[in-house]
Each structure stands twice: as structure tokens, then as C-alpha cells.
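The values are calculated or read from the model by the stated rules, or taken from the named source; none is laboratory data. Here the structure is a predicted model, which is why all the values come from computation and not from measurement. No Cβ is skipped: glycine too gets one built from the backbone with ideal geometry, and neighbour counts run over all protein chains shown.
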2 protein chains.
Amino acid sequence: MEKITIIGAGAMGSALTTPLIENGNEVRLWGTELDGHIIDELRKGNNHPKHKYPLLKEAKLFKVDELEQAMEGSRYVIMAITSDALGMIFDRVVPYLKEDSIVATVSKGFDYDKEGEIVILPEILKEKLPNDLKSIPIVAVGGPCKANEVLYRSPTCVVYASEDMAASKKFKELIATEVYNVKTDDDIIGTEICAAMKNAYAVSLGMAEGYKGIKGLTHNNTKSALFTIATEEMDLFATAMGGSAKSVYGLPGSGDLEVTGEAGRNRILGEVVGEGMKSSMAIQKMQDEDITVEGYPAIKFGYNLVKNLDEKGKIDIKRLPLLTALYEILYQDAPCYETIQKVLNDYCNS
Amino acid sequence: MEKITIIGAGAMGSALTTPLIENGNEVRLWGTELDGHIIDELRKGNNHPKHKYPLLKEAKLFKVDELEQAMEGSRYVIMAITSDALGMIFDRVVPYLKEDSIVATVSKGFDYDKEGEIVILPEILKEKLPNDLKSIPIVAVGGPCKANEVLYRSPTCVVYASEDMAASKKFKELIATEVYNVKTDDDIIGTEICAAMKNAYAVSLGMAEGYKGIKGLTHNNTKSALFTIATEEMDLFATAMGGSAKSVYGLPGSGDLEVTGEAGRNRILGEVVGEGMKSSMAIQKMQDEDITVEGYPAIKFGYNLVKNLDEKGKIDIKRLPLLTALYEILYQDAPCYETIQKVLNDYCNS
């Protein structure tokens, strides 16, 4: 039995308590200041407000001011925080880490490092570690995984990736069950690029779904073509960053894109725009309703990072017309249908 | 303007009249003995009975006894016949072919050649060609393409693959429009293996959809994991046959699997079995209702072909546990949920 602390009581963090507890571990779930009501509900024995499903009663619950207790004697940490707050929250966790700690992260996206460069999230965690703890391994979690289905025990396959394979394997040992299946991998870069970019590209799949609203007819062919183009662009992107194409065509890339394109907020943003709403209006509406759509910032981060890589000669941005189109549609109000149609034309004629 | 004859007035054959006519070609659509009522309806100016959508009025329509007229002066032929009848119908077309003919095929699947070996469909066409016409190039069509959407003009990307790139390019010239986009490729083997096997694997995606019926809960994670495993198995299969992995991770493989997993009869067969109906009963029911599900024979053909390749040392069948599971579930009534769950376990632990 090991002690594991999950940082963040949102959908995914909470769901991971189940396989960890089923493996006989002591699991602490710590909620941020935004999760207070979640912890309150769970302490009352109610369903998790996000999944509408109960957690196992063995999960130990901690509120924002109980981080010390949540971390006491805990060697393993899972960061389950939205990408924009990950670094800030990790700053609070670092004082409780020890030399033999291992940190996993289920957060997905990009952020700016101290030098203002766009980086994948494990880099944000790494730079927050003090010198004497720089050897703590970071494990990135990828692959198709809807949180509620982890609670429901739907058979799932995920990837735990780290430069330090022993760390990936240790986490697999802690968390893998007969339904929550874990593949270990050393390609943290490819896994993270896919984790972030599948949200971006899922917006385009939503657009194809939305076309029914303006044309009255399905666009499944368009959606599948976009799916293919998306994976090929993630391949170029991930390999330019030093990652592996295998992750892109495996669980973290095409697997996760498949599930993300089926439902969720990224797809809904795409659908609304595909149905004809001006992007700037769709975004404004989402912001007014305080809805976070990870794919929206991922499109901008991804586009700008690819532009930087292009300037350094590491990638040819012209070979990523779909990412460019998504940027132009969502940030510059380019016409959705025509812009996407042109991506398909160019894909077949290049 | 060129003359093109489409053999088979089913959903796909009929749909292809549209891009060909829009490019200014003279297009003849010939119906087999099974398509008589379709040609009758179309001649009356009614909707195509399968798509419930009209064809362009320029399409020239021919009934089963008018093959000679349909082929007169036609250099280009598109075979759009179900896989089990392809060879038989092609026998009737061969007398009208000339040295400079090009034959494309949108039929998908496997069949036995004269020696009783399981082969991809272009091989069936090739062996039917007399010696003086052996140089006629065969072009295989792959990629995500629902026929009705070709009629609707939903933007689509397909692949026309041939060992003879000039033949692929010629067909692209004839048929590509601003919405029916054509990519040319020389990988006819990979394209055909994907075209056939995506129907087989789509049955497994349907199973994951069907689990909701017995468990009351979605299994999107399972579906996406199966999607990933399916593409990786198609990679092993296609490359063992001499095809290219690029086709598998491109439009013919993951692109076509995506669209096939969204809807259609292959998925429905999987859903019914996933919901708990015994496979033998589901198959019997389909046969009673005279419903053809291409994925069903493709699972058996694919499994047996892989077994042959395994015996020749060209592939290790143990690395295709999903295909094996599909065979066991559909042909030996193995329990669906448990067998699929084990595929996911093994995938992550091998």
C-alpha cells in the first residue's frame, strides 16, 4: 500500500481515486479554492457534482487549507489542475516533495515558461522544482480517457509517459486495474503534444458536425478527412518537437482525438461555429458563461509554437494548413466552411 | 470530355456520376440484374432509391441487357459491385475492354482467386484479364466516403491508388472536383487492406457503442482504445502484405475507420452483439432480413489470411488480438464483453 495525493478535485482528479483505491492504496484528494463545494458534497456522501456519480468511500478528502495533511507521507503526486493554473498550484505542492517523489500530470495544454517561451506542461513543472529536487521524474498521462468512464469502470487504455521509464512503471503498478489499463512509454513530448493538440483539432471535427445546421446534410466525409489531416499535422508537430510519431498514431494522438471528437466542449465550440455563428461571438458567449474550452487556447499556443519552430527551420508551417485554418477561423473570424473546404483541397493537391 | 462507364448502380456507383458529370464527362451508369428497379426509378426522374436523392439528369442510364451500349466507346470503367459478385460481373465487362482502358474499383473486401488463395479484390480483376489486356491498370479507391455525401457535395477526400501512377492521376483528372478531392497514391495493397479491414474493425467499434445497452453507461474510452488497436493491427496486416503504413494512418485506414465507426451496418452488427445478442443469432437475423454486412465476411477472410501469413512467417497472429477476438466472438460465440476487455488488457501489458 502506497500513499498518493491527487491535486485537484475536478472530474479527472476525482475519477483517478477509484483505480488507485481498488489497488489498495491510500488516496488523498485535495481540492483547490475552486473545488470547495466539491469536497463539501463528497464529504456529505453525495455524488461528485461533475460526474453525478459517487467516489469510493475510502477516498480521503482535503480542502484547500489542508494541503499539508493531504501531502503528509505521500511520495506520489498526481497534478489534475487546469493548464492555466498548473504552475501556480504546483508552487504550493513543491515544499512537500521529497527526493524520491514522483509527479504525474493529467493536465493538458501549453503555457509560457519563465523566458516567455511556449512549452508543454511538464516543462512548467520541471522549472518549478528547486535544484535539489530536479531529479524528480515527471510522468505525463495521455490517451482516450473520459473521467466519468473511469468511475463507471468502462474498459480504458491510457499511456503513462516519462523520460524515466521506472517512474512510468511505478505509476502503472500503483494505478493499473483490469479496467483502467496502463501502457508505459518514454515519449513524454509526443504524448503531451497530442494531449494538448487533440483538443485544438477536435474543434475542427465539431465544425464538420455543425455543417448540418447550415447545409441540412451530414458532413461525415469531411469530419473523417479532417481527422486524418489532424493526425498527420500532429505527427509533424510532435516530431519537430522531438517526440515520436508512434504516440501520434497510438492512444495519445488518434485514440484521444477519436474520443474528443465524439463529445465535449471542444467539439461543441466547433459545432457552434460550423453552424454559422461568428467565432468571435461564440468565444464571447463562452467567456460570458464562464465555460473553459481547452482547445481554444491550444489553437493559439499551438499555432504560435509552430510559427516559432518554422522560424527556426524545424517545421514548415505550410504543411499544417488545418492548424492555420483553425487559427484564422477562431482568432480572425475567417469564414469557417470555405476555409475548411480549402484545407481539404490543398491536402489532396499538395 | 471522356466517356466513363460505371458498373453497378448501387449507392456508391450512382454517387460517382455527380463529380464525373460536373467535370464535363459523358457518364454511363449500368445496373446489374439486381439494380433493375433503381434504373427504372432513375429513368422516371425519381430519387435514387438508396440515397433518396436525385442524380444529375446528364447521367446516361443502362439496364442489365444494355451493357454493350453502356460500354461503347468507353475507355474508363469503374467497378462498383459488392465484393462477392465482383469477379462474376467483371467477366461480362472484359470483352468490351481495350488495351488503353483503365479500370477503377470501389468494391471493398477479399475473395478467393483461382488457386483458392484469399486475395484483395484488384487481384480478382487482374486474373480475369486475358493475356493481351494484362497491362490494363487497376486503380483502387479508398478513404472515408459515404456515397450520399458525394451526391450532397459534402467536402470529401479519397485516395485513388494504383501501381501505375499515371492511371491514378488520369482518374483524378476525370473525377476530382472542388468538393470530391482525390489524392493519388501507388500503394494499392495498403489501400485495399484498409478498405476491407476497416469494415471488420468497425464491428468492434459498434460493440463498444452497444455496451451502453447492457451496462447502462457509455464506453467511449473503450471505443477509442479499440480504434487505436484496430489501426495498429491494420498496420501489421498491410505491411505484411507489402503495403504501406502511411495508407493505414492516412485516409484509407484511420480516416475510413472513423467514418465507418460513426454509422452503418457494420457498426450496427457490432452494437447488437455488444448489447448482448448472441452472435450466431445476430448473424442469422441479418441473413433472414437479407442484409449484407461487409465486415462479417471480412473478419473471416482477414483472420484466415492473417493465419496463412503467420504460417509463412510473415506476421505474428498473436500481435492481432482484436482481429482474433472478433473472429471468436462472431464465428464461435465467444462472450463479447469479456473477450474485448481482455484485448485491452493484453494491449497494455504486452
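Of all residues being assigned to a loop (DSSP other than H, G, I, E, B) and under 21 Å from the mean Cα position of the chain (by Cα) in segment B:61-95, which is surrounded by the fewest Cβ atoms within 10 Å (Cβ to Cβ)? Just the residue, please.
Only one residue tops the list, namely B:Thr82.
Evaluate the following for B:Leu251: is it closer than 29 Å to B:Ile6 by Cα, touching a residue at least 12 places away in the same chain (Cβ under 8 Å), crowded, with 24+ Cβ neighbours inside 10 Å and within 10 Å of another protein chain (Cβ to nearest Cβ)?
So B:Leu251 passes the test.
Considering (1) within 18 Å of the chain's Cα centre (by Cα); (2) away from every other protein chain (no Cβ under 11 Å), say which one A:Glu258 fails and leave the rest.
So the condition that A:Glu258 fails would be (2).
Can you name every residue in segment B:284-308 that is crowded, with 19+ Cβ neighbours inside 10 Å and assigned to a helix (DSSP H, G or I)?
Result: B:Gly295, B:Tyr296, B:Ala298, B:Ile299, B:Phe301, B:Gly302, B:Tyr303, B:Leu305, B:Val306.
In the set A:Glu117, A:Glu149, A:Glu178, which member is out of contact with any Asp or Glu (no Cβ under 6 Å at 6 or more places or on another chain), away from chain B (no Cβ under 14 Å) and among the charged types (D, E, K, R)?
Every option except A:Glu117 fails the conditions.
Looking for whichever is under 27 Å from B:Ser350 (Cβ atoms) and among the basic types (Lys, Arg) here; the options are A:Lys223, A:Lys198. Which one fits?
Of the residues listed, the single one that is under 27 Å from B:Ser350 (Cβ atoms) and among the basic types (Lys, Arg) is A:Lys198.
When the residues of segment B:1-60 are narrowed to those that are β-branched (Val, Ile, Thr), in a strand (DSSP E or B) and in contact (Cβ under 8 Å) with a residue 40 or more places away in the chain, which ends up nearest to B:Leu174 (Cα to Cα)?
B:Ile4
Could you check segment B:309-328 and list, in sequence order, the residues that are part of a loop (DSSP other than H, G, I, E, B) and either of a type in the set (A, V, I, L, M, F, W, C) or within 16 Å of B:Ala230 (Cα to Cα) (or both)?
Across segment B:309-328, the qualifying residues are B:Ile315, B:Asp316, B:Leu320.
Which helices (runs of 4 or more DSSP H) does segment B:151-256 wholly contain that include 2 or more residues that are polar (S, T, N, Q)?
Once the helices (runs of 4 or more DSSP H) in segment B:151-256 are filtered for at least 2 residues that are polar (S, T, N, Q), what remains is B:188-215, B:220-240.
Which members of segment A:128-146 meet the condition of being more than 14 Å from every other protein chain (Cβ to nearest Cβ) and aliphatic (A, V, I, L, M)?
Selection gives A:Leu129, A:Leu133, A:Ile136, A:Ile138, A:Val139, A:Ala140.
Are any of the residues in segment B:133-148 within 22 Å of A:Asp346 (Cβ to Cβ), assigned to a helix (DSSP H, G or I) and assigned by TED's automatic domain parsing to the domain that holds B:Ala11?
The answer is no, given that none of the residues of segment B:133-148 is within 22 Å of A:Asp346 (Cβ to Cβ), assigned to a helix (DSSP H, G or I) and assigned by TED's automatic domain parsing to the domain that holds B:Ala11.
Going through segment A:329-342 one residue at a time, which ones are assigned to a helix (DSSP H, G or I), surrounded by fewer than 23 Cβ atoms within 10 Å (Cβ to Cβ), over 22 Å from the mean Cα position of the chain (by Cα) and of a type outside the set (Lys, Arg)?
The answer is A:Gln332, A:Tyr337, A:Glu338, A:Thr339, A:Gln341.
As an exercise: evaluate A:Asn308 against (1) modelled with pLDDT of 95 or more; (2) touching a helix residue (DSSP H, G or I) at 6+ places or on another chain (Cβ under 9 Å); (3) of a type outside the set (Gly, Ala, Ser) and give the number of the one condition it does not meet.
(2)
So for segment B:114-128 (the condition being on the phi > 0 side of the Ramachandran plot, surrounded by 21 or more Cβ atoms within 10 Å (Cβ to Cβ) and assigned by TED's automatic domain parsing to the domain that holds B:Thr18), does at least one residue qualify?
Checked against the condition, which is being on the phi > 0 side of the Ramachandran plot, surrounded by 21 or more Cβ atoms within 10 Å (Cβ to Cβ) and assigned by TED's automatic domain parsing to the domain that holds B:Thr18, segment B:114-128 yields no hits at all.
Filter segment B:177-233 down to the residues that are of a type in the set (D, E, K, R) and closer than 11 Å to B:Gly261 by Cα, then identify the one that is surrounded by the fewest Cβ atoms within 10 Å (Cβ to Cβ).
By that ranking, first place goes to B:Glu209.
Which ones in segment B:307-324 are over 30 Å from A:Lys170 (Cβ atoms) and under 27 Å from the mean Cα position of the chain (by Cα)?
Answer for segment B:307-324, where residues must be over 30 Å from A:Lys170 (Cβ atoms) and under 27 Å from the mean Cα position of the chain (by Cα): B:Lys307, B:Asn308, B:Leu309, B:Asp310, B:Glu311, B:Lys312, B:Lys314, B:Ile315, B:Ile317, B:Leu320, B:Leu323, B:Thr324.
Out of (1) touching a residue at least 60 places away in the same chain (Cβ under 8 Å); (2) buried (at least 24 other Cβ atoms within 10 Å of the Cβ); (3) within 19 Å of the chain's Cα centre (by Cα), the odd one out for B:Asn148 is which?
Here B:Asn148 clears every test but (2).
Quick one: would you say A:Phe90 is more than 30 Å from A:Ala238 (Cβ to Cβ), at pLDDT 95 or above and not assigned by TED's automatic domain parsing to the domain that holds A:Tyr201?
So A:Phe90 fails the test.
Determine whether A:Cys157 is at pLDDT 95 or above, at the interface with chain B (Cβ under 8 Å from one of its Cβ atoms) and either buried (at least 24 other Cβ atoms within 10 Å of the Cβ) or under 19 Å from the mean Cα position of the chain (by Cα) (or both).
yes
Find the residue count for segment A:36-59, including only residues that are among the basic types (Lys, Arg) and modelled with pLDDT under 95.
Number of matching residues: 2.
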